[in-house]
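Reading through the structure tokens given below for one structure.
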Amino acid sequence: MLVTVSGGLDSAVLLHYLLNKCPMDHIHAVFFSYGQKAVNREFHHVLKVTEGLPVTLHRVDCGDIFGNSDSGLLAKGKSLNSGSASEQMREHGYINAVLPGRNGVLISAAIAVALHLGQGILAIGTHHTITMPGGFSDCSQEFINAKRAEAQAQGVDLITPFHYMNKKEIVKMALEDYKNDLRISDTWSCYSGYTEPCHTCSACTERENILKELGYEKN
């Protein structure tokens, strides 16, 4: 099995979920570098999250494939807007951390990695989110179905255990089901490339709001 990892909460919880639910003693994980602002922080936290786990980690550089984009997610892109995803949608009509085509490219790349590693299952941590235009349309059910068909055509099963869950439900799993195995502080959600979370981007805002709702004191 191959799992995509980003250093974030979703993929960290997914790793523990799979290792607990599936009868296997080893798993492959792949991290993608695609020009994102936070690439160094993300990979640093991937190393933290996978430390001590039966995981073989692979890092893949997608180069300058998104070089013409001005998405706030990218090092070459615009500054990140502040506020949650829903706040940005209401104010601007779009989320400027969205990178059109990202999931399409990365899932296709992950399928290729799985094939070359001889892995017949690919797991990704996509979850229920804003999928309307201007949002994360490449997390929609229609999109995932298309990528699943692409994977199956090549002999790989694409699984999305969290697809019908929202972020709060995934964070709750981390705090309750895997509290002894996963430290929240070992994960990284911020889209900025700073050494500390910016506390203003949509990822930071969502993470901090949910953790506060669930009574978690430290981010």
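For the chain, the longest stretch holding no GluC sites (Glu not before Pro) located in a DSSP loop with at most 10 other Cβ atoms within 10 Å is which?
52-216
Counting other C-beta atoms within 10 Å, and keeping those with at most 13, which DSSP coil chymotrypsin sites (Phe, Trp or Tyr not before Pro) do you find in the stretch 134-202?
164, 194
Take the alpha carbon gyration tensor of the stretch 1-132, find the square roots of its eigenvalues, order them as a ≥ b ≥ c, and report rounded if a/c is under 1.5; if not, report prolate when a/b exceeds b/c, else oblate.
prolate
What whole number of Å gives the distance from the Cα centroid of the stretch 135-206 to the Cα centroid of the stretch 1-59?
Computed from Cα coordinates, the inter-centre distance equals 11 Å.
Would you mind putting 21-29, 105-113 in packing order, based on average other-beta-carbon counts within 10 Å, highest first?
Ranked by mean Cβ neighbours within 10 Å, highest first: 105-113, 21-29.
Multiply the residue gap between residue 91 and residue 128 by 0.36 nm, knock off their C-alpha separation, and tell me the result in nm, one decimal place.
This chain segment gains 11.2 nm when fully extended.
Given points 7 Å out from each Cα along the Cα-Cβ axis, report the residue 163 to residue 40 separation in nanometres with one decimal.
3.7
Grab the DSSP H runs of the chain that are 4 residues or longer, score each as -39,500 (n - 2.57), total them, divide by all residues and round the 222 nm result to the nearest 500 deg cm²/dmol.
When only DSSP H runs of four or more count, the value is -11500 deg cm²/dmol.
Can you flag which of 167/212; 37/168; 48/76; 21/172; 21/179; 78/212 are past 21 Å Cα-Cα?
Cα-Cα > 21 Å for 37/168; 48/76; 78/212; rest within.
Roughly speaking, what is the stretch gain from residue 154 to residue 64, that is 0.36 nm per residue apart minus the C-alpha to C-alpha distance, in nm to one decimal?
29.8 nm
Taking the stretch 102-192, which trypsin sites (Lys or Arg not before Pro) meet the DSSP loop condition and have no more than 14 other C-beta atoms within 10 Å?
Answer by residue number: 179, 183.
Read the figures in this text as sums done on the coordinates, not as results from a lab. These numbers come from a predicted model, not from an experiment. Cβ coordinates were reconstructed from backbone atoms using ideal geometry, including for glycine residues, and neighbour counts include every protein chain displayed.
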